[in-house]
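Bear in mind that the values in this text are calculations on the coordinates, not laboratory data. Bear in mind the structure is a predicted one, so any value in this text is a computation, not a measurement. Quick reminder, even Gly has a Cβ in these numbers, built from the backbone with ideal geometry, and neighbours come from all protein chains shown.
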Amino acid sequence: MRRATRWPRAPSCFGSRTRPDRSRPARKTASDVDRGRLGNNCGMRIAVCLTEQKAEPWLEGLRAALPGAEVSAWVPGAAPADHAVVWAPPQAFIDEQPALQTLFNIGAGVDALIKLRLPPSLTVVRLDDAGMAVQMAEYVCHALIRHFREFDGYEADTAQGRWSFRKPRARSEFPVGILGMGVLGRRVAQAVAGFEFPVHGWSRTPQQVPGVRGYAGDAQLPQFLAATRVLVCLLPLTPATTDILRHETLSQLQPGGYVINVARGAHLVDADLLALLDSGHLAGATLDVFRTEPLPADHPFWQHPKITVTPHTSARTLRDESIAQIAGKIRALQRGEPIAGVVDPARGY
Ligand code: NAP
Ligand code: GLV
């Protein structure tokens, strides 16, 4: 494999928050001359490394948003870049790009990324809403209301040509608990509260969200679960949250509990969910994420009458919004300003 160091280093135009590039010559470069004309991106290099996505529209969008930057799809042996825009990059990409300053993940969850061996100097930045929060609010409200209003039952009646009413249910008896009160959890909480359900939120540190009763840390998890009938998981996947939806926790939900997992498949112990559905303690589940994706054809979730499966689609990355956000953050870094969405490797999110 060719060594990345054979390429000349692109000059950096970053402010004091970034590491100085000691290899940069002091003399004026062509990129310095071009700085004003090209929007101050002065020869900055951006590598795009996307698994399961077409790179071309991202390349075009980033070039348009950051005139003057050299934006290219990564191939082994490519020139060293200053920043990268990635989804599930291989370890080889990280290993070959030791000069990278910032890694922009085109999703909110960074669990796949931080499993890689990353240099400590590399800043990982996740997408910060970028149009995902409202999608998540739609998805969760749809699953909640479909369950609460018994729309599955009406669909079955319709299929039989049967005109029959179900007794209205009290929303006070369907308190919603949201695990994770971050960018997405807060937006979901706001939407659910708009339908006048009681809302509880659990986070690692105390969070004040209007209309939401807050709980924080492991000590308050039992209280949160006991207050919840419809449980929404919007946690990042970290060692502390893996398997959090297991028999011990799910059995603490109110009888007739309902689970909506829109975070990561490894939050849920599949067999424990099935056992609690079969025992009747849980009434159903809507699952968007799975331990293995695509969900294998022989997985029992597909055929279970109380489970709704969707293909990891609750909040999709929106390309234009994401490019605008990433370009805005690169420009903020150039000005030496702090940016939102920086991942803390110690916390894992
Ligand atoms: P975020 O802003 O980082 O929020 C994470 C929340 O979880 C925070 O409130 C945090 O507490 C809490 N948390 C983390 N670890 C915890 C722990 N050990 N105990 C209690 N609370 C804990 O993340 P986000 O943008 O809302 O996204 C959440 C997750 O959604 C992502 O990580 C991703 O896995 C998933 N997601 C799924 C889809 C999809 O299509 N299915 C799309 C986008 C995202 P603090 O507030 O105290 O920090
Ligand atoms: C999708 O799952 C994301 O993390 O953005």
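Specify the inter-centroid distance of the stretch 58-118 and the stretch 225-249, based on alpha-carbon positions, in whole Å.
32
For the residue pair residue 163 and residue 320, what label-to-label distance in nm results when each label sits 7 Å from Cα along the Cα-to-beta-carbon direction?
In this crude label model, residue 163 to residue 320 measures out at 4.5 nm.
What order do you get for 135-143, 177-185 when each peptide is scored by the mean count of other beta carbon atoms within 10 Å, highest first?
Packing order, densest peptide first, comes out as 177-185, 135-143.
Once you have the Cα-Cα distance between residue 310 and residue 220, take 0.36 nm times their residue separation minus that, and quote the gain in nm to one decimal.
Going from the current span to full extension adds 29.3 nm.
Over the chain, with a Gaussian network built from C-alpha contacts below 10 Å, which listed residue (315, 189, 271) shows the highest mean-square fluctuation?
Looking only at 315, 189, 271, the largest GNM fluctuation is found for 271.
Can you pull out the trypsin sites (Lys or Arg not before Pro) in the stretch 162-231 that DSSP calls coil and that have at most 12 other Cβ atoms within 10 Å?
Counting only loop positions with at most 12 other Cβ atoms within 10 Å, the trypsin sites (Lys or Arg not before Pro) in the stretch 162-231 are 162, 166, 169.
Given axes a ≥ b ≥ c from the Cα gyration tensor, I'd like to know whether the chain is rounded (a/c under 1.5), prolate (a/b larger than b/c) or oblate.
prolate
How high is the FRET efficiency from residue 332 to residue 152, r the C-beta distance, R0 35 Å, rounded to 0.05?
0.15
How about residue 167: which aspartates and glutamates have a C-alpha closer than 20 Å to its C-alpha, ignoring those fewer than 8 places off in the same chain?
Within reach: 150, 152, 155, 157, 196.
What ranking of 51, 238 emerges when the number of other C-beta atoms within 10 Å of each C-beta is taken as an exposure proxy, fewest first?
Fewest to most other Cβ atoms nearby, the residues stand as 51, 238.
If each residue's Cβ is checked for other Cβ atoms within 10 Å, how do 129, 152, 288, 218 rank with the fewest at the top?
218, 152, 129, 288
For residue 329, list the aspartates and glutamates whose Cα falls under 15 Å from its own Cα; do not include residues on the same chain fewer than 8 positions away.
The reachable aspartates and glutamates, counting only those whose Cα sits under 15 Å from residue 329, are 82, 128, 129, 320, 321, 337.
Quickly estimate the mean residue ellipticity at 222 nm for the chain, helices only: each DSSP H run with n ≥ 4 gives -39500 (n - 2.57), and the total goes over all residues, rounded to 500.
Estimated from H runs of four or more residues: -8000 deg cm²/dmol.
Using only the Cα atoms of the stretch 112-161, what are the Rg and Dmax in Å?
20.3, 64
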